């Protein structure tokens, strides 16, 4: 009788070899390390930082590849998965969107002279927790001008970076909290719940990237990743939540991200 565990291990090994070979291409290689090296199990939220073996002036781009698909692209040091503002906002690898089990995480560095360096890590991802039954599902409310006024100047409110007014939807599931704006775009935010406190963390990046480096995913008819919030690093906030009938009330406890507060804080109606 065949051993399923052995078969799975062999298939995974073959996948690692294939991905590493595909990433390497035909150019000469150089050394690359990453913050995932040595890890066999990944927490739901961690940093994925790539350390190329060549100067940043010689780097064209750094690709973050999960199970053979490019999920993030960086062009400027320091090289954080999900980072923005040239590393000023250090993003996170959040694994809630991945199925439980082993996955292949490859860091690919492309040099300006056509060389390629890779670092490949195989690690297990755990199951993401389900939200409380009362919180799960789709909620809707209208974001108004008074809500917009909560937006933080530190995150661009003075320059017009505020959530658009209009009807929003907020979806809580095991992937994250999905902010669906009136423009057909949105964000997915990592969160957890402890009693009546909801902790909001940072955006979740899960989409495939185009040749131009734009990364996103379409869910609920919205382009996730193109919405307005604060930064790739969050910042982290917390809310008191309560449900009465079909009404969800979210009240900010600690929220440095005024743009997220403008969206989340208020009374929502359950629609599915």
## Note on the structure
For segment 144-176, the count of residues that are touching a strand residue (DSSP E or B) at 6+ places or on another chain (Cβ under 8 Å) and without any contact (Cβ under 8 Å) to a residue 40 or more places away in the chain equals 3
### Message
Go through (1) outside the structural domain of residue 46 (by TED's automatic domain parsing); (2) more than 18 Å from the chain's Cα centre (by Cα); (3) in contact (Cβ under 8 Å) with a residue 40 or more places away in the chain; (4) over 30 Å from residue 40 (Cα atoms) for residue 132 and report which single condition fails.
### Response
(4)
### Query
Considering segment 12-44 alone, what residues qualify as being in contact with a strand residue (DSSP E or B) (Cβ under 9 Å, 6 or more places away or on another chain), part of a loop (DSSP other than H, G, I, E, B) and at pLDDT 95 or above?
35, 36, 37, 38, 39, 40, 44
### Query
Yes or no: residue 250 touching a helix residue (DSSP H, G or I) at 6+ places or on another chain (Cβ under 7 Å) and part of a strand (DSSP E or B)?
yes
### Task
Mind listing whichever residues of segment 28-76 are in contact with a helix residue (DSSP H, G or I) (Cβ under 7 Å, 6 or more places away or on another chain) and surrounded by 17 or more Cβ atoms within 10 Å (Cβ to Cβ)?
65
### Query
Among (1) over 20 Å from the mean Cα position of the chain (by Cα); (2) buried (at least 17 other Cβ atoms within 10 Å of the Cβ); (3) not in a strand (DSSP E or B), which single condition is residue 146 missing?
(2)
### Query
Going by the conditions given, is residue 140 surrounded by fewer than 20 Cβ atoms within 10 Å (Cβ to Cβ) and either out of contact with any helix residue (DSSP H, G or I) (no Cβ under 7 Å at 6 or more places or on another chain) or farther than 21 Å from residue 40 by Cβ (or both)?
yes
### Query
Do we find a residue being more than 24 Å from residue 189 (Cβ to Cβ), outside the structural domain of residue 189 (by TED's automatic domain parsing) and touching a residue at least 60 places away in the same chain (Cβ under 8 Å) anywhere in segment 70-81?
yes
### Summary
For segment 195-211 the number of residues that are touching a strand residue (DSSP E or B) at 6+ places or on another chain (Cβ under 9 Å) and free of Cβ contacts under 8 Å to residues at least 24 places away in the same chain is 1
### Task
For residue 48, state whether it is within 22 Å of the chain's Cα centre (by Cα), under 30 Å from residue 156 (Cβ atoms) and either modelled with pLDDT under 95 or in the same structural domain as residue 176 (by TED's automatic domain parsing) (or both).
no
### Query
Of the residues that sit in segment 45-98 and are touching a strand residue (DSSP E or B) at 6+ places or on another chain (Cβ under 8 Å) and in a helix (DSSP H, G or I), which one is nearest to residue 30 (Cα to Cα)?
58
### Summary
Among 216, 227, the single one that is surrounded by 15 or more Cβ atoms within 10 Å (Cβ to Cβ) and assigned to a strand (DSSP E or B) is 216
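The values are calculated or read from the model by the stated rules, or taken from the named source; none is laboratory data. Quick caveat: nothing in here was measured; it's all calculated off a predicted structure. Ideal geometry is used to build each Cβ from the backbone, glycine not excepted, and the neighbour counts take in all protein chains shown.
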